[in-house]
Structures are given as C-alpha cells and as structure tokens.
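Peer 1: Quick one: structure below, then a few questions.
Readers should treat all values here as calculations from the given coordinates under stated rules, not as data from a laboratory. Worth saying up front: this structure is predicted, and the values here are computed from it rather than measured. Cβ: placed from backbone, ideal geometry, glycine included. Neighbour counts: every protein chain shown.
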Amino acid sequence: MRKNKKSRIDIYQTLYGVDLVVANKYATIEELRKDYAFPDGVELTEEVMECIATTSKVRRKSDNRYCVLVKYNQDSSVKGRDHKLELINTVSHEATHVAIDIYQFISQDLCPCSPEPFCYLVGWATECIYNTLQKK
C-alpha cells in the first residue's frame, strides 16, 4: 500500500474564540509561516519543526485570530517502540498543551475541584489531532 505524503493543515473551531490548527508531518514551515505567526507578530521559527510534535500559541495573519498550532513532525523517536502507542502518547500530550493554552487565553484557572470541563477539552483536542494525523 502506497502512503499518501500530502501536507495537511486542518482548522478546528472552539467555543472559546480560539482555533485549533493541526499540521501533519508533511506540512512545511513555509506553509505555516504563510498563514501564522507568533502572537507578538514574530515569524514562526524552526523550533516548530523540532521534536516529535510541538504546540505553539499563534495568530492567523488574515484576521489576527488567536490559535493554538499543533505541528506533528515524525512518527517515532525510539527504535522498536510501538508506533500506535507512541502516537497515542504524543497526541494526548499535545492535546493537554492545547487545553492549557486555551485556558490561559480565556483566563480560566485549572482547578482540581472541577476538572471535567478541562478533561472534556483535552478529549476533544485529542480527537481533532488524531483525526488530522490519520487522514489519508
């Protein structure tokens, strides 16, 4: 079976005035820089392309909308490690960063006394990230 090596950048809207942007490993820094910059207007750096995946606070250039960008960069960092388990680990890890960034944007404190909204947000972000990475 031939794998599709197509760049994919998907946008998911939240109820919080923040978009989640998920870019697969084939999306280039040039593609991302065309539409997004860091919130202070600085161009995206190569650091976005490092590690297995990164999560960054960004703004869309076309409308200055606040977004959280998840950039997936590679399939596996440890030889012999189960790819599916590493994907689950990475996707849930980045989804937690997404939820924290959104909570910061809406000035909502993380409170262990009422974790359900935060957990639902992590679950939603996990689904979105996974959905983009599994598209053929």
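Peer 1: Quickly estimate the mean residue ellipticity at 222 nm for the chain, helices only: each DSSP H run with n ≥ 4 gives -39500 (n - 2.57), and the total goes over all residues, rounded to 500.
Peer 2: Values: 3 runs with 49 residues, N = 136.
When only DSSP H runs of four or more count, the value is -12000 deg cm²/dmol.
Peer 1: Using each residue's phi in the stretch 22-27, evaluate 6.51 cos²θ - 1.76 cosθ + 1.60 at θ = phi - 60° and report the 3J(HN,Hα) Karplus result to the nearest Hz, with x for Gly and Pro.
Peer 2: Computed from phi, the couplings for the stretch 22-27 are 10, 10, 7, 5, 8, 6 Hz.
Peer 1: Check which residues have an amide H placed less than 5 Å from ARG8's amide H, if you skip close sequence neighbours.
Peer 2: ASN24, TYR26, ALA27
Peer 1: On full extension of the chain, what length is gained from TYR103 through GLU50, given 0.36 nm per residue of separation minus the C-alpha to C-alpha distance?
Peer 2: Values: separation 53, 0.36 × 53 = 19.08 nm, distance 2.46 nm.
Contour length minus Cα-Cα distance gives 16.6 nm.
Peer 1: Relative to the present Cα-Cα distance, how much length would full extension add between LYS5 and GLU127 at 0.36 nm per residue of separation? Could you put the intermediate results ahead of the total?
Peer 2: On the way: separation 122, 0.36 × 122 = 43.92 nm, distance 2.12 nm.
So the extension gain works out to 41.8 nm.
Peer 1: Give me, ordered by chain and number, the residues 5 or more places off TYR36 or on other chains with an amide H under 5 Å from its own placed amide H.
Peer 2: It is LYS61, by chain and number.
Peer 1: Pull up the DSSP beta bridges for the chain and report the antiparallel fraction as a percent, rounded to 5. Numbers along the way, then the final one.
Peer 2: Details: 15 of 20 bridges.
Within the chain, antiparallel bridges account for around 75 percent of the total.
Peer 1: Where the centroid of each part is defined by its Cα atoms, how far is the stretch 1-66 from the stretch 81-136 in Å?
Peer 2: Result: 16 Å between the Cα centres.
Peer 1: Kindly state, to the nearest 0.05, the FRET efficiency for TYR120 paired with ARG65, given R0 = 25 Å and r defined as their beta-carbon distance. Spell out each step's value before the answer.
Peer 2: Working: r = 22 Å, r/R0 = 0.89.
Plugging the Cβ-Cβ distance into 1/(1 + (r/R0)^6) gives 0.65.
Peer 1: Evaluate the distance, in nm, between pseudo-label points positioned 7 Å from the Cα of VAL42 and of LYS84 along their respective Cα→Cβ axes.
Peer 2: If labels sit at VAL42 and LYS84, their model points lie 4.1 nm apart.
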